[in-house]
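Trainee: Okay, handing you the structure first.
The values are calculated or read from the model by the stated rules, or taken from the named source; none is laboratory data. Predicted model, so just to flag it, every value in this text is computed and none were measured. We place every Cβ from the backbone using ideal geometry, glycine too, and count neighbours over all the protein chains shown.
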Amino acid sequence: MKLIDLIRRAARSLKHAKARTILTSLAIAVGAFTLTIALAAGEGAKQYTETLLSTNVDPQVLAITKDKSFFEGGQTGPQEYNPDVSVLTRSNGGSVKQLDQNDIDKIAKRSDISSVTPSYVINPKYITAIDAKKYTLQIDTYDAGVTQEVIAGSLPGLQTSIKDDQIALPEAYVSLFGFKDAESSIGETVSIRLERTPTISQDQIEQLLAGSDTSSISQLTEVQKKDYEFEIVAIVGRSATSLAASSNVQINNNASKEMSDFSTEGTDSYQKYTIATASVKEGIDPAEVKKELVDEGYGVQTAKDLQGLLFTIVDTLQGIVIGFGVLALITSVFGIINTQYISVLERTREIGLMKALGMRGKHVSRLFQLEAAWIGFIGGVLGAVIAVILGLSLNPWITDTLSLGEGNNLLIFQVIPIAVLVLVLMVIAMLAGYFPARKAAKLDPIEALRTE
Amino acid sequence: MISVENVSKIYGKKQSVFQALDDVSFTIPDGASVAIVGKSGSGKSTLMHVISGLDRATSGKVVIDGVDISKLKQKVIDKFRSEQIGFIFQAFFVQANESAYENVALPLEIYGMSLNKRKKMVQSALKVVGLDDKEKQKAKNLSGGQKQRLAIARAIVNSPSIIFADEPTGNLDTVTGATIEKLLFDLNKKAGSTLIIVTHDQELANKCDIKIFIKDGKIEKIIGGKK
């Protein structure tokens, strides 16, 4: 018997038992639906992550730490004391070694690195404008590798930083400082107040003891204050795919260093940095540079590593959803076995007749397996189509609710994975149909055609 | 020519053996019409199964056109049935949900006939039994007589050399039964295929060239044929 005839006959048999076929297919459809959504969500999340990283992270950027264990959560437990190495205790109880100026200089000198920016620790008191109240702030170092949404004013292009006396402010400060609008704030001056408690050196103490000027004591122990003035160069908004929280003001590297040095002068943290970002020159593979730096004892993470980390999270979540889909499929497999057994019993006569007319057991078996495959096909297509329709119609709402940003979709449906899914479902259904099909193939035509 | 030589058929094992056929021998010339007559349980159906290759004899030979089918592999027997044999049953066994066309096409599908040839053969078979206007009708919408005619069309569609009819008129009223009988005998005469009717109906048996009476698995008497 020809395969095409078997396929057509199988389809006709299912058509004659519409209700049963649909109900059995629905079980598979549930699995197909879940798996389609899982695949779409996984793809969507990956693409979103990629968009997120490509708009926020320069692929040439390396994150460098003194401590190799930094990217694994920091070392826990006691470490050997080294007076030359500064250690920062982290909130999780672990402690990490810090980079010092030597490290920074060493890295900066490398021929494959174009620039190094340490993460400066600056604890500003407040920011204010002329005739305005004082407000708290966070200071970020301007990152020339990131594209930002500019509301007013202008920022230099990629790889170029703002000037030493320039500042980029988030939108929130415009109204706080009483500017009419974002445009009118451009070119205005703001000032940031830094304070530090002085650390008195031995020389200074001896000097004090030698003299008897009490006013100089109070002068030395007095809290030192310093105001830094900046010109507003741009007001930035927050793009949907932005990782950077924009309650932070941005100043350039030199200004950050100056302020950081002032803040930490005389303390253990002076010119010590937990992490630094370095830009690898164009055309050089960051992974190569990473390898060399790691050999020198640094902890290094590339943009790709970060992507891999995020993908791991996405994969895990996707895995869970796929697990549920597979569970639904296992259930549906028993449904198919059951339905097909009943079908074989119901059609004993038909099977007997076909065998009497010379149909081979192999072909009878194939006929029933093809019926199961049809059920798998119908269920798979049904589930996938519902998933696609539902997904596409819900996508705008999901994007809106999760504020993913215009043009980003959480669910991205692709033809090939769905086609493969349907094929796999057909194979699974066929395997499920194996036992009933074997029963049909073994049926004795004489017994089947006995008339009483 | 069909030659049945010392065929025995035993069902069951040890304590519960049942001898359905006991040393049965006879020959049927090509193109003859034969009635296998006997009461229910006499072994007439078993005999039909053994000759048609649906069942195997425990001992003895069934030689059809020089080939002992009891020695053939299952695959070859299946092929032999799909090529050489047509079946007509008392309960019709037409597929109720399928159209008349699909019902008649079944043996050709099993044989692996190409779609074009199949169409012509099905249509001519339906024409022979006078159902050419019911091609697209579902079998369940046909009357009893029409169903049996459909079954006949299915039996003759691949021009078999032997047609088995198991109580072909058993489920039909006298008038319809008579037309079916006439159809069967006409086909036997025109197409030259051997017709073997299994029946307990003496009247139907009398219309056949050869009558084989069977009782308790043994041949009681054979009327007609050579010698």
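Trainee: List every residue pair whose Cβ atoms lie under 6 Å apart, where the two residues are 6 or more positions apart in sequence or sit on different chains, the first residue falls within region A:277-304 and is farther than 19 Å from residue A:69 by Cα, and the second residue, located anywhere, is assigned to a loop (DSSP other than H, G, I, E, B) and among the polar types (S, T, N, Q).
Mentor: So the pair list comes out as A:279/A:60; A:280/A:60; A:286/A:60.
Trainee: Tally up the residues in region A:398-411 that are more than 16 Å from the chain's Cα centre (by Cα) and either surrounded by 12 or more Cβ atoms within 10 Å (Cβ to Cβ) or part of a loop (DSSP other than H, G, I, E, B) (or both), please. Step through it out loud before you land on a result.
Mentor: Narrowing region A:398-411 to residues more than 16 Å from the chain's Cα centre (by Cα): A:398, A:400-401, A:406-407.
Narrowing the set further to residues that are either surrounded by 12 or more Cβ atoms within 10 Å (Cβ to Cβ) or part of a loop (DSSP other than H, G, I, E, B) (or both) leaves A:398, A:406-407.
Total meeting the criteria: 3.
Trainee: With the requirement that a residue be part of a helix (DSSP H, G or I), farther than 18 Å from residue B:191 by Cα and either touching a Lys or Arg at 6+ places or on another chain (Cβ under 7 Å) or of a type in the set (Val, Ile, Thr) (or both), what does region B:117-145 give you?
Mentor: Keep residues of region B:117-145 that are part of a helix (DSSP H, G or I), which gives B:117-128, B:132-134, B:139-141, B:144-145.
This time we only want the ones that are farther than 18 Å from residue B:191 by Cα, so: B:117-119, B:132-134, B:139-141, B:144-145.
Hit for region B:117-145 is B:139, nothing else.
Trainee: Mind listing whichever residues of region A:1-42 are within 14 Å of another protein chain (Cβ to nearest Cβ) and among the β-branched types (Val, Ile, Thr)?
Mentor: Answer for region A:1-42, where residues must be within 14 Å of another protein chain (Cβ to nearest Cβ) and among the β-branched types (Val, Ile, Thr): A:4, A:7, A:21.
Trainee: Kindly provide the set of residues from region B:112-135 that are within 14 Å of another protein chain (Cβ to nearest Cβ) and closer than 24 Å to residue A:16 by Cα, ordered by number.
Mentor: Within region B:112-135, B:112, B:115, B:118, B:119, B:122 qualify.
Trainee: Something else now. Only one of (1) of a type in the set (A, V, I, L, M, F, W, C); (2) under 35 Å from the mean Cα position of the chain (by Cα); (3) surrounded by 13 or more Cβ atoms within 10 Å (Cβ to Cβ) fails for residue A:158. Which number is that?
Mentor: Single failed check for residue A:158: (3).
Trainee: So, of the residues in region B:161-170 that are of a type outside the set (Asp, Glu) and under 10 Å from the mean Cα position of the chain (by Cα), which turns out to be surrounded by the fewest Cβ atoms within 10 Å (Cβ to Cβ)? Steps first, please.
Mentor: Of region B:161-170, the ones of a type outside the set (Asp, Glu) are B:161-165, B:168-170.
Next cut, under 10 Å from the mean Cα position of the chain (by Cα) only: B:162-165, B:168.
Working: B:162: 21, B:163: 24, B:164: 25, B:165: 27, B:168: 28.
The extreme case among them is B:162.
Trainee: Based on what the data block shows, is residue A:340 part of a helix (DSSP H, G or I) and touching a Pro at 6+ places or on another chain (Cβ under 6 Å)?
Mentor: Numbers: part of a helix (DSSP H, G or I): yes; touching a Pro at 6+ places or on another chain (Cβ under 6 Å): yes.
Yes.
Trainee: Could you identify the single residue in A:115, A:111 that is more than 22 Å from residue A:174 (Cβ to Cβ), part of a loop (DSSP other than H, G, I, E, B) and in the same structural domain as residue A:267 (by TED's automatic domain parsing)?
Mentor: Numbers: A:115 fails: part of a loop (DSSP other than H, G, I, E, B).
Only one candidate passes the filter, namely A:111.
Trainee: Is it the case that region A:49-63 has a residue that's farther than 30 Å from residue B:81 by Cα, at pLDDT 85 or above and away from chain B (no Cβ under 14 Å)? Please lay out each step first, then the result.
Mentor: Filtering region A:49-63 for residues farther than 30 Å from residue B:81 by Cα gives A:49-63.
Of the ones still in play, those that are also at pLDDT 85 or above are A:62-63.
Narrowing further to those that are away from chain B (no Cβ under 14 Å): A:62-63.
Yes.
Trainee: Something else now. Residue A:163: of a type in the set (Lys, Arg) and surrounded by 13 or more Cβ atoms within 10 Å (Cβ to Cβ), yes or no? Break it down stepwise before answering.
Mentor: Details: of a type in the set (Lys, Arg): yes; surrounded by 13 or more Cβ atoms within 10 Å (Cβ to Cβ): yes.
Considered against the rule, which asks whether it is of a type in the set (Lys, Arg) and surrounded by 13 or more Cβ atoms within 10 Å (Cβ to Cβ), residue A:163 comes out as yes.
Trainee: Residues being more than 13 Å from every other protein chain (Cβ to nearest Cβ) and in contact with a Lys or Arg (Cβ under 6 Å, 6 or more places away or on another chain): count how many of those fall in region B:57-107. Spell out the reasoning first.
Mentor: From region B:57-107, those more than 13 Å from every other protein chain (Cβ to nearest Cβ) are B:57-68, B:70-71, B:100; that's our starting set.
Retained after the next criterion (residues that are in contact with a Lys or Arg (Cβ under 6 Å, 6 or more places away or on another chain)): B:57-58, B:68, B:70, B:100.
The number of residues fulfilling the criteria is 5.
Trainee: Name, by its number, the condition in (1) more than 26 Å from the chain's Cα centre (by Cα); (2) modelled with pLDDT under 85 that does not hold for residue A:305.
Mentor: Unmet condition: (1).
Trainee: Being within 24 Å of residue A:348 (Cβ to Cβ), among the small types (Gly, Ala, Ser), in contact with a strand residue (DSSP E or B) (Cβ under 6 Å, 6 or more places away or on another chain) and at the interface with chain A (Cβ under 10 Å from one of its Cβ atoms): is that true of residue B:155 here?
Mentor: Working: within 24 Å of residue A:348 (Cβ to Cβ): yes; among the small types (Gly, Ala, Ser): yes; in contact with a strand residue (DSSP E or B) (Cβ under 6 Å, 6 or more places away or on another chain): yes; at the interface with chain A (Cβ under 10 Å from one of its Cβ atoms): yes.
Yes: the conditions hold for residue B:155.
Trainee: Could you pull out the residue among A:120, A:126 that is assigned to a strand (DSSP E or B) and either surrounded by 14 or more Cβ atoms within 10 Å (Cβ to Cβ) or of a type in the set (A, V, I, L, M, F, W, C) (or both)?
Mentor: Numbers: A:120 fails: assigned to a strand (DSSP E or B).
Unique residue meeting the criteria: A:126.
Trainee: State whether the residues of region A:310-329 include one that is among the acidic types (Asp, Glu) and either touching a helix residue (DSSP H, G or I) at 6+ places or on another chain (Cβ under 8 Å) or assigned to a strand (DSSP E or B) (or both). Can you show your working first?
Mentor: Taking region A:310-329 and keeping what is among the acidic types (Asp, Glu), we get A:315.
Imposing the further condition that a residue be either touching a helix residue (DSSP H, G or I) at 6+ places or on another chain (Cβ under 8 Å) or assigned to a strand (DSSP E or B) (or both) reduces the set to A:315.
Yes: one or more hits.
Trainee: Moving to a separate point now. Do we find that residue B:191 is out of contact with any strand residue (DSSP E or B) (no Cβ under 8 Å at 6 or more places or on another chain) and in contact (Cβ under 8 Å) with a residue 12 or more places away in the chain in this structure? Talk me through it step by step, then tell me what you get.
Mentor: Numbers: out of contact with any strand residue (DSSP E or B) (no Cβ under 8 Å at 6 or more places or on another chain): yes; in contact (Cβ under 8 Å) with a residue 12 or more places away in the chain: yes.
Spelling it out, residue B:191 is indeed out of contact with any strand residue (DSSP E or B) (no Cβ under 8 Å at 6 or more places or on another chain) and in contact (Cβ under 8 Å) with a residue 12 or more places away in the chain.
Results for (1) at pLDDT below 80; (2) in a strand (DSSP E or B); (3) in contact with an Asp or Glu (Cβ under 8 Å, 6 or more places away or on another chain), shown as yes or no for each residue.
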site: A:206; (1), (2), (3): yes, no, no
site: A:225; (1), (2), (3): no, yes, yes
site: A:234; (1), (2), (3): no, yes, no
site: A:240; (1), (2), (3): yes, no, yes
site: A:259; (1), (2), (3): no, no, no
site: A:270; (1), (2), (3): no, no, yes
site: A:278; (1), (2), (3): no, yes, no
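Rundown of residues vs (1) hydroxyl-bearing (Ser, Thr, Tyr); (2) closer than 30 Å to residue A:447 by Cα; (3) within 14 Å of chain B (Cβ to nearest Cβ), yes/no style:
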{"residue": "A:282", "(1), (2), (3)": "no, no, no"}
{"residue": "A:293", "(1), (2), (3)": "no, no, no"}
{"residue": "A:321", "(1), (2), (3)": "no, no, no"}
{"residue": "A:348", "(1), (2), (3)": "yes, yes, yes"}
{"residue": "A:369", "(1), (2), (3)": "no, yes, no"}
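Trainee: Name the residues in region B:18-65 that are more than 15 Å from residue B:211 (Cα to Cα), surrounded by fewer than 18 Cβ atoms within 10 Å (Cβ to Cβ) and of a type outside the set (Asp, Glu), would you?
Mentor: Answer for region B:18-65, where residues must be more than 15 Å from residue B:211 (Cα to Cα), surrounded by fewer than 18 Cβ atoms within 10 Å (Cβ to Cβ) and of a type outside the set (Asp, Glu): B:18, B:19, B:40, B:41, B:56, B:58, B:59, B:61, B:63.
Trainee: For the structure I just gave you, tell me whether residue A:359 is within 14 Å of chain B (Cβ to nearest Cβ), buried (at least 16 other Cβ atoms within 10 Å of the Cβ), part of a loop (DSSP other than H, G, I, E, B) and hydrophobic (A, V, I, L, M, F, W, C). Break it down into steps so the answer makes sense when it comes.
Mentor: Numbers: within 14 Å of chain B (Cβ to nearest Cβ): yes; buried (at least 16 other Cβ atoms within 10 Å of the Cβ): yes; part of a loop (DSSP other than H, G, I, E, B): yes; hydrophobic (A, V, I, L, M, F, W, C): yes.
The answer is yes for residue A:359.
Trainee: Any idea which residue in region A:314-329 is farthest from residue A:383 (Cα to Cα), counting only those that are among the β-branched types (Val, Ile, Thr) and surrounded by 12 or more Cβ atoms within 10 Å (Cβ to Cβ)? Before you say what the answer is, go through the steps one by one.
Mentor: Quick first cut of region A:314-329, residues among the β-branched types (Val, Ile, Thr) only: A:314, A:316, A:320-322, A:326.
Checking the rest, the ones that are also surrounded by 12 or more Cβ atoms within 10 Å (Cβ to Cβ) come to A:314, A:321-322, A:326.
On the way: A:314: 23, A:321: 15, A:322: 14, A:326: 13 Å.
Checking each candidate, the answer is A:314.
Trainee: Considering A:334, A:377, which residue is crowded, with 16+ Cβ neighbours inside 10 Å and modelled with pLDDT of 90 or more?
Mentor: A:377
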